[in-house]
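Undergrad: Here you go, one structure.
Quick note: the coordinates plus some simple rules give every number you see, no bench work behind them. Please read all numbers here as calculations on a predicted model, not as lab measurements. Virtual Cβ from ideal backbone geometry, glycine too; neighbours counted across all protein chains shown.
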């Protein structure tokens, strides 16, 4: 049985937040919204509860979890030895969609860190997430609330599609605003390495830290952060990513006798056959809609039973870098090389 606590007039009643917190205190798992995607929460200090997350998601044990806190004072429970640069980034981007990989406290279970001596930590900005963590009284580990490998959930309905019967409760806080998982970084004395791009972009990090920022290319071994090693974000349909595509290329692909959905800019969608399922990325050059709606579009296309999803690539800079990161990992086929 799964309890669903639904939003009323834009917020979840306080009694429901407290009820969900009691489930967490007792070692249960609860899905809840953050500003990025819905997370599946459990106490950071309960290995029994953490194992329930891995079981519910079918998540590989060497894929580390991110710890979520509701106040800076909770940071010392899970991490230690913060550099001035790390503190500056916390001040600039917390609460918000930035995860820092820090040296872990000895008490943090290796189940959380995949056996590494570091731990990813962030403070979400969604008020419901902050209330739930504070009401539980301890930080929460919270990967995305979906079956591993599937598109991350941006609504409570997406969570229910994947996890009904697998978890104890779901807090419905409506659609998330960012739509992509947090930026994950590792700070060194002379540089910042982005382990997973997100809405906190490289240029934003450079402006605050005054250090060069580079994107990690590591794909082997035990990953430092979620999203680095395994197939992620993939729909059930075959996803074909067209990098620097044009309408003629996509239209030619539609000639094959397969049911198809197309996710593309509005001007690309214009003139495509009427029997094609179309999902717009908005006006050319815009990025926010692509980030916010990508996972919802992939799930909706799957629900239509299409065999293929053709996706038009976007420019891989700023927030576009995060969108393309997710599309490359989800794609069955990439046409056109790097963006």
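Undergrad: Using the 10 angstrom Cβ neighbour count as an exposure proxy, how do 270, 16 rank, fewest first?
TA: Values: 270 11, 16 21.
The fewest-first ordering by Cβ neighbours comes to 270, 16.
Undergrad: Next question, about the same structure. What is the helix-to-structure angle for 288-303, meaning the angle in degrees between its Cα long axis and the longest Cα principal axis of the chain, kept from 0 to 90 and rounded to the nearest 10?
TA: Rounded to the nearest ten degrees, it is 80.
Undergrad: Further question on the same structure: From the helices alone, meaning DSSP H stretches of at least four residues, give me the mean residue ellipticity at 222 nm for the chain, per-run term -39500 (n - 2.57), in deg cm²/dmol to the nearest 500. Could you put the intermediate results ahead of the total?
TA: Numbers: 12 runs with 106 residues, N = 339.
After summing the helix terms and dividing by residue count, I get -9000 deg cm²/dmol.
Undergrad: Given the Cα-Cα distance of residue 211 and residue 248 and 0.36 nm per residue of separation, how much length would full extension add, in nm?
TA: Working: separation 37, 0.36 × 37 = 13.32 nm, distance 4.23 nm.
Between residue 211 and residue 248, full extension yields 9.1 nm more.
Undergrad: Separate question: With springs only between Cα atoms under 10 Å apart, run a GNM on the chain and tell me which of 267, 162, 62 wobbles the most.
TA: Comparing 267, 162, 62 in a Gaussian network model of the chain, the most mobile one is 267.
Undergrad: With springs only between Cα atoms under 10 Å apart, run a GNM on the chain and tell me which of 129, 156, 107 wobbles the most.
TA: 107
Undergrad: With 10 angstrom as the radius, rank 54, 32 by how many other C-beta atoms surround their C-beta, starting from the fewest. Walk me through the intermediate numbers first.
TA: Working: 54 17, 32 31.
So the residues, fewest neighbours to most, are 54, 32.
Undergrad: Springs between alpha-carbon atoms under 10 Å, Gaussian network over the chain: tell me which of 209, 266, 31 tops the mean-square fluctuations.
TA: Residue with maximal mean-square fluctuation among 209, 266, 31: 266.
Undergrad: Another question, then. At a threshold of 8 angstrom on Cα-Cα distance, excluding pairs fewer than six apart, so keeping six or more, what relative contact order does the chain reach in percent? Write down the numbers at each step before the final one.
TA: On the way: 763 pairs, mean separation 67.4, N = 339.
Answer for the chain is 20 percent.
Undergrad: How are the Cα pair distances of region 238-335 distributed, in percent, across 10 Å bins from 0?
TA: 16, 57, 26, 1
Undergrad: Would region 64-130 count as rounded, prolate or oblate if I go by the C-alpha gyration tensor, calling it rounded below 1.5 in a/c and otherwise prolate when a/b exceeds b/c, oblate otherwise? If you can, show how the numbers build up before the last one.
TA: On the way: a/c = 1.93, a/b = 1.33, b/c = 1.45.
Judged from the Cα gyration tensor, region 64-130 comes out oblate (a/c at least 1.5, b/c at or above a/b).
Undergrad: Where does helix 84-93 land angle-wise versus the long Cα axis of the chain, in degrees 0 to 90, nearest 10?
TA: 60 degrees
Undergrad: For the chain, what size does the Cα cloud have along each of its three principal axes, sorted from largest down, in whole Å?
TA: Taking max minus min along each principal axis of the Cα atoms, the chain gives 57, 50, 37 Å.
Undergrad: Something else about it: Report, to one decimal in Å, the Kirkwood hydrodynamic radius for region 3-180 based on all distinct Cα pairs.
TA: 15.9 Å
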